[in-house]
Each structure stands twice: as structure tokens, then as C-alpha cells.
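K.L.:
Would you mind keeping the following structure in view while I ask a few things?
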Amino acid sequence: MGKEQKYPNLFKPLRIGSVVAKNRINFEPTAISCSNADGSVSELDIAVYSEIAKGGYSMINIGGCTPDSKTGRVTVTGVIIDEDNMIPGLARLVNSIHKYDALAIPQIQHPGRQCPMPKDSIMSTNDMVVKLPWSAGHEIVFANAEEKGKEIRAMSTEEILNQIELWSMAAWRCQAAGADAVCLHAAHGYLMSAFLSPYLNRRIDRFGGSFENRMLFTLSIIKEIHNKCGDDFPVIVRYSANEWVPGGIDTEESKKIAVALEQGGAAALDLSQCIQETPGAGFDPMQYQEGWTIYSAEAVKPLVNIPVIISHALRHPEYCESIIAEGKADMIGMCRQALADPYWPVKVQLGKPEKIRKCISCLTGCWQESLMAKKDIACAINPVCGDLNFYNMDKKKSSRAMKVAIVGGGPAGMEAARWATLRGFKPTIFEKSNELGGAILGCCLVPGKEKMKWYADWLRHEIRDLGVEVNMNHEVTLDELKSYEVVLNATGAVSYVPEVHGKKERVASLEEVFACPKSSCEFYPEGSGRTNRKLGEKVIIWGDHYGAADLVAFLGAAGKDVTVVTDKKEFGSTVEVIHMYVLRKRMAQSDAEALESRPYKYPVKVFESSTLSFIDDKEVTIIDSNLNKTVIEADDIVTCYTQSNTALADIFEKVDAAGIPVITIGDAKSPRNLHAAVKEGASFSITLDPDYCVKNPNGALMDNLPMDVKEQLGC
Ligand SMILES: Cc1cc2nc3c(=O)[nH]c(=O)nc-3n(C[C@H](O)[C@H](O)[C@H](O)COP(=O)(O)O)c2cc1C
Ligand code: SF4
């Protein structure tokens with residue numbers, strides 16, 4: 001393992017109290033929300049966590065375990081550890097982590113004011129009404145709710161004392177299940193954090209007011225855990241080193257907290273950021289750059305002798321190695337990176353960092369469409385994450401190199417080609433442009449979305465390394481497709497101009513504006529030869545969804561005077577909520593916490609529930625749902641309305657009629673997002689049965705047909 005020396009510090013062991021982590025890479029607490037409805041550990045919990053342990057993370061935090069399901073379950077399917085009958089399941093999970101020599105560390109978390117269950121009589125440190133539209137995804141939020149907030153009530157002293165007992169009993173159960181340590185969740189505005197925070201804690205009793213009083217809840221719990229589990233049972237505390245609200249915890253306060261926690265018996269400190277009022281800093285959408293939180297570890301580490309763990313947006317091995325080498329922190333932590341690629345540590349150790357599928361911080365799979373939607377964990381770019389159909393893939397190897405035509409070289413097509421090749425099929429990609437990547441490529445132009453290109457490049461390298469046959473600059477023909485056994489329509493979506501009176505020809509397409517000239521790209525060192533359409537000063541963005549949001553970010557940063565016209569009630573309602581939070585701040589010429597982008601020259605104006613009714617040479621008429629009209633000047637109008645690409649519909653129909661199944665996926669089925677494209681591409685290829693490739697009456701491919709049914713259907 002000569003290559004290991006490139007990152008020697010990352011692979012040094014680290015003592016945390018009485019236990020030793022085998023390396024410096026921590027899987028941060030993550031509420032994967034996959035347990036059974038009764039809170040017991042599920043098969044999926046074991047699959048997700050044990051794979052991350054297998055990949056070489058030395059500490060596996062089991063996120064979101066509630067000590068008291070009666071007053072606060074963290075997510076609707078989070079782990080519950082408030083009864084002894086949860087110990088056997090937890091022990092199975094711990095064992096599955098120990099199998100790969102990682103430490104198993106449940107994170108004890110009470111959601112307090114950010115609680116999904118129960119829905120009322122929600123406890124916190126005080127009675128403040130919480131109005132958090134993005135609220136941690138655990139809130140009960142109805143689509144049509146104007147007020148996405150809820151009332152909370154201050155805990156009585158009796159309830160606080162009861163919680164101290166419940167948290168310490170939960171830790172005892174973790175120890176009984178074989179866990180190596182526990183982590184206390186004292187960050188992000190949840191219950192323990194609400195005690196620490198001078199902004200959230202408005203109590204006037206022993207548990208509020210002075211610094212000592214605000215620390216009392218956490219320190220009492222550490223003390224009681226040690227009473228029940230022994231002084232050598234390590235307790236790690238994760239807290240927000242900066243809450244980014246006036247009057248909240250800042251760096252100076254976080255230093256005091258660190259010292260107090262060490263004195264109170266904490267075995268390590270895991271520094272995070274934010275409360276739910278400042279979600280940008282807590283969940284790091286794409287705009288947050290790697291390394292932005294290191295300042296907090298640098299501030300705290302010199303003051304304590306216990307290990308300091310730092311996380312948030314860490315992705316590159318060289319950078320992570322430098323954090324440890326330069327003594328800025330003792331351990332680095334990853335949450336989403338481990339979901340996007342559980343094998344980050346072993347790929348780094350074996351000197352294959354280019355094989356890492358870097359998390360692009362999109363928050364669509366793991367947040368918007370998982371926790372926010374009350375579903376199991378998922379990842380937009382890793383279809384395996386949270387899906388039992390994908391684990392144990394090696395059992396799905398095919399005995400036959402089935403010929404698969406994949407029309408369209410975007411993410412859906414490439415992901416399908418990747419899995420098809422891995423299964424032993426023979427896929428060919430037909431791409432009519434001169435580049436693989438599809439809709440992702442336009443993102444290179446959008447400030448803050450450069451990470452999308454990481455994924456495009458990763459896919460392109462995988463396609464190259466797997467030796468997938470690619471026909472670029474090629475419009476596929478009927479005759480060509482007829483030589484395949486199955487055809488995948490992954491041709492994506494295209495923009496269109498809705499009906500409008502006047503000069504429709506003035507409307508530019510999203511694709512023209514986002515045609516990336518690629519002046520400095522590995523795939524086009526001398527440029528792609530493309531030019532993107534230049535726009536005048538005043539631009540109307542007509543439409544919604546990701547394309548429109550990206551265009552706002554691109555044109556706003558370029559100093560254009562932008563007006564959005566959307567027929568939706570709320571602009572960006574289908575875009576990931578924390579990205580929209582950052583974008584809205586920028587539209588108002590400010591920025592989200594901890595970011596410092598150059599303010600847009602003009603505020604972005606938005607007409608909701610509206611559309612264009614008339615386009616003149618210079619002026620455009622906007623009409624709202626009450627038929628009110630507004631006339632504004634516009635140099636250019638760009639449509640962001642998209643529909644599935646039907647350019648090859650005739651050919652596909654004929655192929656299907658010839659008995660070769662055509663399956664449509666991704667945006668070609670209906671315009672959605674990267675998550676849908678990747679999942680459907682991968683699912684297509686794992687569903688393919690080389691013995692029997694037939695669609696059912698619903699048009700879906702069948703898989704896992706029983707032997708007798710195959711026989712009956714004439715296979
Ligand atoms: C789906 C999801 C669930 C999370 N659950 C928890 C949790 O239970 N406890 C916690 O301390 N942080 C939680 N976080 C925050 C992460 O641990 C981490 O701080 C954040 O995602 C930024 O780091 P990353 O870039 O490595 O993901 C969660 C984040 C995500 C995206
Ligand atoms: S869904 Fe996006 S942010 Fe979440 S883990 Fe996957 S790539 Fe990262």
C-alpha cells in the first residue's frame with residue numbers, strides 16, 4: 001500500500017476517551033430516517049450504515065435517535081431508544097458496523113421545537129412560535145399553508161429533569177447494545193441546542209439566562225450518562241459553533257462552550273453550524289465552498305485537549321489531509337459525501353481519489369426528497385443509497401452480453417450505460433451533440449453550481465474507463481436501433497415557447513443561453529466551439545423550476561435587470577428549498593449567512609401566478625390570475641418552460657412495433673430533476689432480464705419473473 005503515504009495523516013488512529021478510531025474520517029450524524037414505524041432498527045438501516053462502515057469511515061454516527069418518542073421523534077421514521085425492547089435491534093446495527101472495525105456511535109437527539117411527532121404540545125425552552133418554511137423537513141407542512149409555523153411551549157422544570165433521566169437512560173441502552181460511545185446533538189436548533197443558545201433560550205430559571213445556566217442541561221446529561229455508564233464511556237458533543245443570528249452563539253461563545261464541555265467530561269467536540277433560522281450554514285447548499293467552517297476548529301482547538309472534529313462540505317482528499325496535517329482539527333467529518341460515495345476512505349487509501357463520486361451538495365436526494373418528503377434516505381447521484389434493490393449488486397451479473405441501445409448521453413443515459421456495462425451487457429450510447437452530459441452541462445455557467453460539473457466529469461470518466469461504446473454527433477436511425485434487443489429513450493427535455501400574442505420570435509430558449517463555451521475544460525482544452533446567446537440589460541425569465549432558478553443566478557450575477565414571470569403561486573416551489581433560500585437572499589441583493597457574493601446590480605422582481613400575454617418590440621405585457629396587466633420593458637425574454645423531447649417519437653414507435661421494447665426514462669418521460677434521471681437510468685439497467693425482455697401491459701419492463709411464469713409466457 002505504497003500510495004497510502006500520500007494521505008498519511010488521514011489514516012492515523014485517534015483516541016477518543018477510552019476508545020480508538022482507526023482513522024481520522026468520521027461519518028457525521030445523519031438522520032437517515034429508515035427505521036421501522038415503531039422506531040426499531042430496520043434492514044435498510046443496517047444496509048446503509050454497514051456499507052458506510054465497509055467503505056472505511058472509522059466512526060459511524062447513527063443519527064437522530066430519540067430518547068423520548070412521546071415528546072419528540074426526530075423524523076417520522078427515526079430510531080427510537082426509549083425502551084429496552086429497542087436494544088436487540090440496535091445491537092444488530094452496532095454489530096453490522098463493528099464487522100468492518102468502525103466505532104458505532106448513536107447520536108441522541110431530541111428535536112424539541114423542530115419535532116414532527118407528536119404534532120402538538122411540542123416542547124422547547126420557551127414559547128416562541130416557530131415559522132420555518134424549510135424547517136428541517138420534519139415539520140408537518142401542508143402545501144397550501146400560508147403559515148408554515150407552529151406553536152411550541154416551554155418545558156416545566158419537572159420535564160427538564162425528566163429529560164436528563166431519559167437521555168442518560170438512552171445512552172445506557174446504547175452501551176448495552178454494544179455502542180462504543182454516544183454523541184449528544186446540541187446543534188441546529190434542536191432541544192439541547194435550544195438550551196445552549198443565548199438566542200433560543202429565553203428561560204428565567206436555573207436552565208436559562210447566564211452562560212452557566214444555559215450549559216446546565218447538557219452538562220447534567222453528560223454527568224448522568226457517566227453515572228449510569230461509567231466515567232470511561234465516551235460522550236461526544238456536537239454543537240453549533242456559530243448560529244449566525246444576532247444574539248446567538250458566535251465564535252467567542254463557542255470557545256467558552258468548548259472549554260466548559262471538556263471540563264464537564266466530554267470526550268470530543270464535533271463542531272457544526274447554524275440553527276434552523278439560518279439553514280444555509282447548516283446544510284451547505286452548493287454555494288458553500290469547501291473549508292468554510294475550518295475557522296471554527298482553528299478557534300476552538302488551541303483551548304482544549306480533547307479531539308476536535310470538523311465537517312461541512314469537505315470533499316477533496318488533499319484538502320482533508322491538509323486539515324489534519326496542519327493541526328487545524330483532529331478529525332474530519334462527512335455526512336452527504338458518505339451518502340454519495342460510501343467508499344471515499346478506501347478509495348483515498350488505495351490511491352484512487354479520481355474514482356470518488358463527490359457529493360455535489362444539491363440536497364435534492366438526501367434532503368428535499370427524503371427527509372422533507374418523509375421518505376427513506378436517498379442520494380441524487382448514488383442510486384444505491386437507501387434502496388435495497390441495489391445492495392448486493394454482484395449477484396445481478398448477467399450471463400449474456402445483451403445489446404442495449406441508449407439514445408441520449410445525459411445523466412440518465414450515462415447512468416444506465418454504466419450499470420448495464422457493470423452487469424455484463426453491451427450498451428451503446430447515441431448522442432446527437434458533441435458532448436456527454438446533457439442538461440447538467442449548462443450548470444457550469446451558474447455561479448455556485450460548479451459542483452454539478454464534478455458529477456458530469458465523474459460520469460464521463462466512468463463511461464470512458466468502462467469502455468462503453470459512444471456514438472457522438474450522431475442522430476440515431478431506425479435501422480440502427482433495430483439491431484438491438486432493447487432501446488432506452490433518454491433524450492431528455494427541451495424548452496418551448498407557450499402560446500402568446502405578438503412577437504413570439506423574440507423569445508430565446510434556455511438552451512441557447514446556457515450553451516457553455518467551455519474555455520477551460522478538460523474535455524475541451526481549446527474550447528467547445530459553442531457560443532452562448534448574449535442578452536441585453538433587461539431580461540424576462542418566463543417559467544419556473546431549476547432552469548429558471550439557475551438562470552436567475554446566472555443573469556443576476558452578470559448584472560442583468562431580471563424579472564421572473566411564473567404561473568406558479570410561488571417562484572421556485574419545486575426547487576430544493578435551501579438553495580431557494582440562498583437564491584432569494586441574493587435576489588434581494590443580500591446573501592445567506594457566511595456567504596459574501598457580490599450583490600446583484602438590480603433586485604430580481606417576481607410576478608407570481610402570472611404569464612406573458614403580449615410581446616411587442618420593446619415592451620411585454622404580463623397578466624396575473626386576476627387578469628391585472630402590467631407592461632414592462634424587456635430587451636430579451638427567455639423561456640424556461642420545458643417538455644419531454646419527442647423528436648424521435650416516430651422512430652421509437654416503429655422500433656416498439658417491431659417487437660424491440662423501448663423504455664422511456666428521466667426528463668424524456670416528464671421533466672423533473674437529476675435525482676429522477678439518475679435513479680431511472682440505474683433502475684432500467686438493473687431491471688433488465690437478459691432471458692426475458694418484455695414489457696407488461698403498463699409499458700414497464702418485468703424483472704424477477706417466477707420460473708413457471710417464464711415458462712408459461714414462452715421464454
Ligand atoms: C439528510 C441529512 C440528515 C442530517 N441529519 C443530521 C443529524 O441527525 N444530526 C446532525 O448532527 N446533523 C445532521 N445533518 C447535518 C450533517 O451532519 C452535516 O453537518 C451537514 O450535512 C454538512 O456536512 P456535509 O457537507 O458533510 O454533508 C444532516 C444532514 C443531512 C443532509
Ligand atoms: S443528494 Fe446531493 S447533496 Fe445529498 S448526498 Fe447526494 S449529491 Fe450530496
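The values are calculated or read from the model by the stated rules, or taken from the named source; none is laboratory data. Quick caveat, the model's predicted, so the values are computed rather than measured. Note that we place each Cβ from the backbone using ideal geometry, even for glycine, and neighbour counts take in every protein chain shown. For the accessible areas, the whole protein counts, side chains as well, though only heavy atoms, and no ligand, DNA or RNA atoms are used. Shrake-Rupley method; radii C 1.70, N 1.55, O 1.52, S 1.80 Å.
K.L.:
About the Cα centre, and with charges only on the beta carbon of Lys, Arg (+1) and Asp, Glu (-1), how big is the dipole of the range 542-585? Nearest 20 debye, please. Spell out each step's value before the answer.
P.N.:
Numbers: 5 positive and 6 negative charges, 28 e Å.
Dipole about the Cα centre, nearest 20: 140 debye.
K.L.:
Do any trypsin sites (Lys or Arg not before Pro) in the range 80-134 lie in a loop, going by DSSP, with at most 10 other beta-carbon atoms within 10 Å of their beta carbon, and if so which?
P.N.:
Lys119
K.L.:
Loop-only check: which GluC sites (Glu not before Pro) in the range 433-497 are DSSP coil with at most 15 other Cβ within 10 angstrom?
P.N.:
Filter output for the range 433-497: Glu450, Glu475.
K.L.:
Between Val19 and Ala176, what is 0.36 nm times their sequence separation minus the Cα-Cα distance? Round to one decimal in nm.
P.N.:
Working: separation 157, 0.36 × 157 = 56.52 nm, distance 1.60 nm.
Value of the extension gain: 54.9 nm.
K.L.:
How many percent of the accessible area of the chain is carbon or sulfur, using a 1.4 Å probe?
P.N.:
52
K.L.:
List the GluC sites (Glu not before Pro) within the range 577-611 that fall in a DSSP loop (any state other than H, G, I, E or B) and whose Cβ has at most 14 other Cβ atoms within 10 Å.
P.N.:
Answer in residue order: Glu596.
K.L.:
In addition: Which one, Leu219, Ala266, Ser156, projects farthest toward the positive side of the charge dipole computed for the range 150-292 from Cβ point charges (K/R +1, D/E -1)?
P.N.:
Ser156
K.L.:
Separate question: Based on the Cβ-Cβ distance from Arg206 to Glu83, what FRET efficiency comes out when R0 is 35 Å, to the nearest 0.05?
P.N.:
With R0 = 35 Å, the Cβ-Cβ based efficiency is 0.75.
K.L.:
In nm, to one decimal, how far is the Thr251 label point from the Met472 one, both placed 7 Å along Cα→Cβ?
P.N.:
Between Thr251 and Met472, the label points sit 4.6 nm apart.
K.L.:
Keeping every protein chain present and rolling a 1.4 Å probe, give me the accessible area per residue for the chain in Å².
P.N.:
39
K.L.:
Separate question: Rounded to the nearest 5, what % of DSSP beta bridges with both residues in the range 495-642 are antiparallel?
P.N.:
Bridges in the range 495-642 are about 40 percent antiparallel.
K.L.:
Which percent, nearest 5, of DSSP beta bridges in the chain are antiparallel?
P.N.:
Percent antiparallel among DSSP bridges in the chain is about 25.
K.L.:
Please work out the Kirkwood hydrodynamic radius for the chain, using every pair of different C-alpha atoms, and report it in angstroms with one decimal place.
P.N.:
With all distinct Cα pairs of the chain included, I get 27.1 Å.
K.L.:
Out of residues 5 or more away from Thr574 or on other chains, whose amide H comes under 5 Å of its own, with H placed 1.01 Å from N in the peptide plane?
P.N.:
Those qualifying (amide H under 5 Å, at least 5 residues apart or on another chain) are His545.
K.L.:
Among the lysines, which have Cα under 17 Å from the Cα of Lys54 when same-chain residues fewer than 8 positions away are ignored?
P.N.:
Counting by Cα, and skipping residues close in sequence, Lys54 has these lysines nearby: Lys22, Lys99, Lys347, Lys352, Lys355.
K.L.:
Now a separate question. Under the definition of Cα pairs under 8 Å and six or more residues apart, what whole-number percent is the relative contact order of the chain? Could the numbers behind the result be given before it?
P.N.:
Working: 1617 pairs, mean separation 76.2, N = 715.
After rounding, I find 11 percent.
K.L.:
Using helices alone, I'd like the mean residue ellipticity at 222 nm for the chain: each DSSP H run of four-plus residues gives -39500 (n - 2.57), total over residue count, nearest 500.
P.N.:
Value at 222 nm, helices only: -8500 deg cm²/dmol.
K.L.:
To the nearest 20 debye, what is the magnitude of the charge dipole of the range 495-642 about its Cα centre, counting +1 on the Cβ of each Lys and Arg and -1 on the Cβ of each Asp and Glu?
P.N.:
That gives a dipole near 180 debye.
K.L.:
State the extension gain, in nm to one decimal, for the chain segment bounded by Lys601 and Leu350, taking 0.36 nm per residue of separation less the distance between their alpha-carbons.
P.N.:
Extra length available between Lys601 and Leu350 comes to 85.6 nm.
K.L.:
Specify whether the C-alpha gyration tensor of the range 495-642 places it in the rounded, prolate or oblate class, a ≥ b ≥ c being the square roots of the eigenvalues: rounded for a/c under 1.5, otherwise prolate if a/b is larger than b/c and oblate if not.
P.N.:
Oblate shape, in that a/c is at least 1.5 and b/c is the bigger or equal ratio.
K.L.:
Looking only at the range 353-385, which residues have a backbone nitrogen under 13 Å from a spot 7 Å from the Cα of Asp465 in the C-beta direction?
P.N.:
353-358
K.L.:
Listed here are the pairs Lys538/Lys601; Lys569/Lys618; Lys395/Lys710; which of them are more than 23 Å apart at the Cα?
P.N.:
Lys569/Lys618
K.L.:
Let me ask another. Just to verify a number: FRET efficiency for Leu713 and Glu570, C-beta to C-beta distance, R0 = 41 Å, to 0.05?
P.N.:
In this case the efficiency is close to 0.25.
K.L.:
Let me ask another. Label points 7 Å out from Cα along the Cβ direction at Asp703 and Asp635: separation in nm?
P.N.:
Simple spin-label model gives 5.1 nm for this pair.
K.L.:
Something else about it: Under 11 Å from a point placed 7 Å out from the Cα of Gln589 along the Cα-to-Cβ direction: which residues of the range 536-579 have their backbone N that close?
P.N.:
none
K.L.:
Report the gain in length on full extension from Tyr496 to Ser398: 0.36 nm times residue separation, minus Cα-Cα distance, nm rounded to one decimal.
P.N.:
On the way: separation 98, 0.36 × 98 = 35.28 nm, distance 4.08 nm.
In short, 31.2 nm is gained.
K.L.:
Can you give me the Cα centroid spacing of the range 322-375 and the range 271-317 in angstrom?
P.N.:
If you average the Cα positions of each part, the centres end up 14 Å apart.
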